[in-house]
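Nothing in this text is a laboratory measurement; each read-out follows from the coordinates by a stated rule. Note that the coordinates shown come from a computational prediction; the quantities given were computed from them, not determined experimentally. When we count neighbours, we look across all protein chains shown, and the Cβ atoms used for this are built from the backbone with ideal geometry, even at glycine.
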Amino acid sequence: MTDLTVPKTILEQLGGNDFIALTGATAFISTEDSLTFRAGRNPNSVSHVRVTLTATDLYAVTFFHTGRAPRIVDEVCCDILQDVFFKHTGPAAQARLLRRQAQG
């Protein structure tokens, strides 16, 4: 049986259920060391995102684009994971997420 502690932690660090609701993320696939999901509509045409825990206890975030090579951002620490996601997918959902988190 696969231990899902890492993918659950990744989702929590991204923003949990608020992140899912405000970004339109769907089709989550978990492995022992990663979380992959389909990104909601975004201006940068990112179709899927994979967040992988590396041996250095940091994340490698892969952004998949339709018709283009994937873009990989290495050595991402947990406190900037959300920022890296929104830098590559667009700031609109980030603003909504920050407003929701500030409300409670």
* Considering the options THR23, PRO70, PHE85, tell which one lies farthest towards the positive end of the dipole of the chain, charges being +1 on Lys and Arg and -1 on Asp and Glu at the Cβ, about the Cα centre. => THR23
* Asked: Based solely on its DSSP helices, what 222 nm [θ] is calculated for the chain when runs of n ≥ 4 H residues each add -39,500 (n - 2.57) and the sum is averaged over all residues, nearest 500 deg cm²/dmol?
  -> -11000 deg cm²/dmol
* Structure fact -> Within the stretch 56-86, the residues whose backbone N lies under 12 Å from a label point placed 7 Å from the Cα of ILE20 along the Cα-to-Cβ direction are none
* To do: Please sort by residue number the GluC sites (Glu not before Pro) in the stretch 1-82 whose DSSP state is loop and whose Cβ has at most 12 other Cβ atoms within 10 Å.
  => GLU32
* Extension gain, ASP57 back to ASP83 (0.36 nm per residue minus Cα-Cα distance, nm) -> 7.6 nm
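Regarding the chain, what is the average projected area of its C-alpha convex hull, in nm²?
Averaged projected hull area, Cα only: 6.7 nm².
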